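The values are calculated or read from the model by the stated rules, or taken from the named source; none is laboratory data. Note that this is a predicted model, so its numbers are computed, not measured. Cβ sites come from the backbone with ideal geometry, for glycine too, and all protein chains shown count toward neighbours. These area figures cover heavy atoms from the full protein model, side chains too; ligands, DNA and RNA do not enter into them. Shrake-Rupley method; radii C 1.70, N 1.55, O 1.52, S 1.80 Å.
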Amino acid sequence: KQEVTQIPAALSVPEGENLVLNCSFTDSAIYNLQWFRQDPGKGLTSLLLIQSSQREQTSGRLNASLDKSSGRSTLYIAASQPGDSATYLCAVRTGANNLFFGTGTRLTVIP
Amino acid sequence: GAGVSQTPSNKVTEKGKYVELRCDPISGHTALYWYRQSLGQGPEFLIYFQGTGAADDSGLPNDRFFAVRPEGSVSTLKIQRTERGDSAVYLCASSPLGYNTDTQYFGPGTRLTVL
């Protein structure tokens, strides 16, 4: 069964810093990998989707990379802001139907 | 609507009761997914619909859980004889066609508390 791990579980940084969140998965036979943001008491907001044939995706201050063969992905956040504080989840799609999620990284950006 | 909506946002019930959770997907999306998120965990897959049919229900934990989507739009997740371990946030997602390459769009979830 696919297992997804996210490190660190929690991270606090001062405003303005660049940071990297890590995601690893055990089965490299994936269709794509998706990064989500979850705010307390809210649902998930999709940030970036990387197809298995792609190496990275960018959206604004966010950049996600994918190394499928090694089972790793990173989410890079540039010039962090207090509004970036949330839990970040990565999820991989290995079948037609479902996503396998990590347990998330809880990010706090300190003003 | 503009996004996936779920009702109720919160549900408190007593052990042994029956509950129904509703999901309204994005208009026109043929694929619908239910996930369950326990405290401190990532969401776990429960069931996937393509149109009106449950294409994959392998994530349902036991036969107390059942879901329907009779007209290919709104879906209801039904839990019988609720147990305290069923307490979690139940998330619904939809995608345009259910392709492997599709993005899944999530609703805000229903927080279920079983006392």
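Please determine whether any residue of region A:65-73 is open to solvent by less than 40 Å² (accessible area, probe 1.4 Å) and touching a residue at least 60 places away in the same chain (Cβ under 8 Å). Working first, answer last.
Here is the first cut: in region A:65-73, the residues open to solvent by less than 40 Å² (accessible area, probe 1.4 Å) are A:65-66, A:71, A:73.
Checking the rest, the ones that are also touching a residue at least 60 places away in the same chain (Cβ under 8 Å) come to none.
Checked against the condition, which is being open to solvent by less than 40 Å² (accessible area, probe 1.4 Å) and touching a residue at least 60 places away in the same chain (Cβ under 8 Å), region A:65-73 yields no hits at all.
Among the residues of region B:8-30, is there at least one that is assigned to a helix (DSSP H, G or I), under 30 Å from A:Arg106 (Cβ atoms) and not β-branched (Val, Ile, Thr)? The answer is no, given that none of the residues of region B:8-30 is assigned to a helix (DSSP H, G or I), under 30 Å from A:Arg106 (Cβ atoms) and not β-branched (Val, Ile, Thr). Taking the listed residues A:Arg106, A:Arg61, the one that is at pLDDT 95 or above and within 11 Å of chain B (Cβ to nearest Cβ) is A:Arg106, with no other qualifying. On the stretch given as region A:77-111, residues that are free of Cβ contacts under 8 Å to residues at least 60 places away in the same chain, under 16 Å from A:Glu17 (Cα atoms) and open to solvent by 20 Å² or more (accessible area, probe 1.4 Å) total 2. Looking across region B:63-115, the residues that are under 26 Å from A:Gly41 (Cβ atoms), assigned to a strand (DSSP E or B) and either open to solvent by 40 Å² or more (accessible area, probe 1.4 Å) or without any contact (Cβ under 8 Å) to a residue 12 or more places away in the chain (or both) come down to B:Lys78, B:Tyr105, B:Arg111, B:Thr113.
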